[in-house]
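Here, each number is a calculation from the coordinates, and none is a lab measurement. None of the values given here were measured: they were computed from a predicted structure. Note that each Cβ is placed from the backbone with ideal geometry, even for glycine, and that neighbours are counted across all protein chains shown.
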Amino acid sequence: MTVLDAAAVLADSTIVGSQDCIEQLVFGNDNINDDQSKQQQEDEPERINTEDLFKKTKSDKTKDLKNRYTSTKRGQEIISVILFVVFLGLSSMKMMNWFFIKNIWIFLSSSVLAMFAADFFSGIVHWMADTWGTLDTPLVGNSFIRSFREHHVMPTAMTHHDFIETNGDNCMLTVPVLAFTSFVAVQQTYYDMFLLSFLVNLCFWVMLTNQIHKWSHTYRVPAYVGLMQKYGLILSKRDHAVHHRNPFDKYYCITNGWLNPWLASIGFWKRLEEVITLTTGAIPRADDQAWTS
Ligand SMILES: [Zn+2]
Ligand SMILES: [Zn+2]
């Protein structure tokens with residue numbers, strides 16, 4: 001175990017160990033107020049003044065972000081998980097019927113490519129949500145960006161999320177692609193087989209990404225997960241700890257993290273931010289810094 005590993009484990013264990021106490025302090029003593037506040041958020045999410053965030057305590061911010069997880073959002077997540085399972089099943093059956101054993105090399109090569117692509121996609125989505133927008137951004141603010149802000153304010157909160165809350169958003173992202181692979185008519189050519197296998201594998205890894213991310217914050221993981229983390233098949237705790245250093249501006253890829261060192265070496269995210277600031281005037285991570293200040 002390296003020094004970085006030990007630091008990541010210690011930080012996680014310290015926070016996880018005190019998590020219940022913190023949550024009791026933060027959420028436990030005023031359930032009535034919480035329910036009222038949550039109902040208000042459900043009816044109409046309160047707009048946020050960024051300046052006010054600098055005056056709020058960490059526990060107030062955590063409480064506010066938690067209360068913004070609405071039953072509407074929960075419903076969307078449940079539907080997304082169900083659709084993911086149905087479409088993944090249909091697409092996988094199509095793949096198996098065709099070529100799985102005979103053309104296993106197509107499956108294996110497209111799987112490796114899909115793992116790289118999923119890692120890059122996770123980086124893009126994570127970078128966009130961390131760097132731009134606020135909870136007031138139409139469509140995605142309260143439903144999507146909220147969970148990224150919550151994660152930076154209280155990184156181990158996600159270890160208490162159930163399967164639906166952990167994976168609902170990622171399932172939603174894959175549903176249009178899996179619906180396409182389920183119903184599109186394809187030829188039995190190498191090109192079509194490779195493309196189908198690539199897309200199905202891509203969706204599989206995109207869906208798993210936040211579960212993998214959650215494992216990277218979990219103190220005790222199942223043995224098979226620990227092995228996958230150790231051998232770099234999925235994101236390791238040490239790699240992800242690099243991202244969680246304020247100002248949270250690097251190592252955005254969270255599927256397996258394979259692309260993180262390479263993207264960091266060419267300053268990929270910084271250059272992308274410079275282009276966007278130049279064209280729009282927006283300041284990277286302005287909202288995230290207000291929440292994490
Ligand atoms: Zn982040
Ligand atoms: Zn994280």
Problem - Nitroxide proxy distance, nm - points 7 Å out along Cα→Cβ at VAL275 and TRP262 - result: 1.8
Practice task
First check a/c for region 132-261, with a ≥ b ≥ c the square roots of the eigenvalues of its C-alpha gyration tensor; if it is under 1.5, answer rounded, and if not, answer prolate when a/b is larger than b/c or oblate otherwise.
Solution key: oblate
Exercise for the section: Could you work out how far the C-alpha centroid of region 90-124 sits from that of region 59-85, in angstrom? Expected result: 30
Exercise for the section: Tabulate in residue order the Karplus-calculated ³J(HN,Hα) for region 68-79, using 6.51 cos²θ - 1.76 cosθ + 1.60 with θ = phi - 60°, rounded to whole Hz; enter x for Gly and Pro. Expected result: 7, 7, 9, 5, 5, 4, 4, x, 4, 5, 4, 4
Fill in the blank from the handout: HN-Hα couplings for region 145-151 via Karplus (6.51, -1.76, 1.60; θ = phi - 60°), in whole Hz with x for Gly/Pro, come out as 5, 3, 5, 6, 5, 4, 5
Completion exercise
Residue-ordered couplings for region 224-234, obtained by feeding phi - 60° into the Karplus form 6.51 cos²θ - 1.76 cosθ + 1.60 and rounding to whole Hz (Gly and Pro as x), are 5, 5, x, 5, 5, 5, 4, 8, x, 6, 10
Practice task
Express the relative contact order of region 89-173 as a whole percentage, based on alpha carbon pairs under 8 Å and six or more residues apart in sequence.
Solution key: 14
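Extension gain THR218-VAL177, at 0.36 nm per residue separation less the Cα-Cα distance, in nm? Please report the intermediate quantities before stating the final value.
Working: separation 41, 0.36 × 41 = 14.76 nm, distance 3.00 nm.
Here the segment from THR218 to VAL177 would lengthen by 11.8 nm.
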Completion exercise
Proxy exposure order for TYR224, TYR251 (fewest C-beta within 10 Å first) is TYR224, TYR251
Practice task
Note down the magnitude of the dipole of region 54-155 about its Cα centre, charges +1 on Lys and Arg C-beta and -1 on Asp and Glu C-beta and zero elsewhere, to the nearest 20 debye.
Solution key: 360
